[in-house]
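Heads up: the structure comes next, in structure tokens.
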Amino acid sequence: MTFQVARMNEQESAAWLGLITVCQLLPAALDSQLKQDSGMTHFEFFVLSVLRFAPEQTMRMTALAETTSSTLPRLSHVCSRLEKRGLADRFPCPEDGRATNVRLTPEGRSALVRAMPGHLATARRLVIDALSPEQLDALAQVTEVIRGRLDGDGQPARATPFG
């Protein structure tokens, strides 16, 4: 079955290509800064940040995978790296022996706190300080709509430590 999709006009194309370009360049820039300054990837930083704001700084692996939009195998690999560095630990879930919990260690919290200033400075330099207050409001509105579509229900996405 084939169907017709309307071509993008000039405005739509410029917006789409701009979004795709930013989606490609921004993660690499954040990764580069965090690796250089803190020895962690942006995804590792994100996982530690999510754990930091979880009750008792602990989550089930499945919930953490969902919150970080990760697969369990990818998250398991990342958690293994974090465990080897003493930044997180995994243990059987007390409520469900089939499940595994992951917890932020004191060393992980310290590493996150040390990484935060450089990360925030990079976010400010690349995005926040480049936009006017009105543009920041528009960006927040646009990303909320897109996140809602990506979550599949059309509703605003659940909050994460980053918004």
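The values are calculated or read from the model by the stated rules, or taken from the named source; none is laboratory data. Since we're looking at a predicted model, the values are computed, not measured. In this analysis, Cβ positions are derived from the backbone assuming ideal geometry, glycine residues included, and neighbour counts consider all displayed protein chains. Remember, those area values only see protein heavy atoms, side chains included, never the ligands or the DNA or RNA. Shrake-Rupley method; radii C 1.70, N 1.55, O 1.52, S 1.80 Å.
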*What is the number of the single condition among (1) outside any helix (DSSP H, G or I); (2) without any contact (Cβ under 8 Å) to a residue 60 or more places away in the chain that residue 40 does not meet?*
(2)
*Residue identified as closer than 23 Å to residue 18 by Cα, open to solvent by 40 Å² or more (accessible area, probe 1.4 Å), in contact (Cβ under 8 Å) with a residue 12 or more places away in the chain and out of contact with any Pro (no Cβ under 6 Å at 6 or more places or on another chain) among 130, 140*: 140
*Go through 70, 49, 13 for me and flag whichever is assigned to a loop (DSSP other than H, G, I, E, B) and either within 20 Å of residue 147 (Cα to Cα) or without any contact (Cβ under 8 Å) to a residue 12 or more places away in the chain (or both).*
70
*Does residue 80 meet the test of being at pLDDT 95 or above, polar (S, T, N, Q), within 18 Å of residue 102 (Cβ to Cβ) and touching a Pro at 6+ places or on another chain (Cβ under 9 Å)?*
no
*If you go through the stretch 98-119 one residue at a time, how many are part of a loop (DSSP other than H, G, I, E, B) and open to solvent by less than 70 Å² (accessible area, probe 1.4 Å)?*
2
*When only residues in the stretch 52-67 that are of a type outside the set (Val, Ile, Thr), more than 15 Å from residue 108 (Cα to Cα) and touching a residue at least 24 places away in the same chain (Cβ under 8 Å) count, which is least open to solvent (accessible area, probe 1.4 Å)?*
64
*Looking for whichever is surrounded by 15 or more Cβ atoms within 10 Å (Cβ to Cβ), in contact (Cβ under 8 Å) with a residue 60 or more places away in the chain and in contact with a Phe, Trp or Tyr (Cβ under 7 Å, 6 or more places away or on another chain) here; the options are 34, 26. Which one fits?*
34
*List, please: which pairs have Cβ atoms under 7 Å, are six or more places apart or on different chains, and start with a residue in the stretch 88-101 that is over 16 Å from residue 77 (Cα atoms) and end with one that is assigned to a strand (DSSP E or B) and open to solvent by less than 70 Å² (accessible area, probe 1.4 Å)?*
92/100; 93/100; 93/101
*Looking at (1) of a type in the set (Ser, Thr, Tyr); (2) at pLDDT below 95; (3) loosely packed, with under 11 Cβ neighbours inside 10 Å, find the lone condition where residue 70 falls short.*
(3)
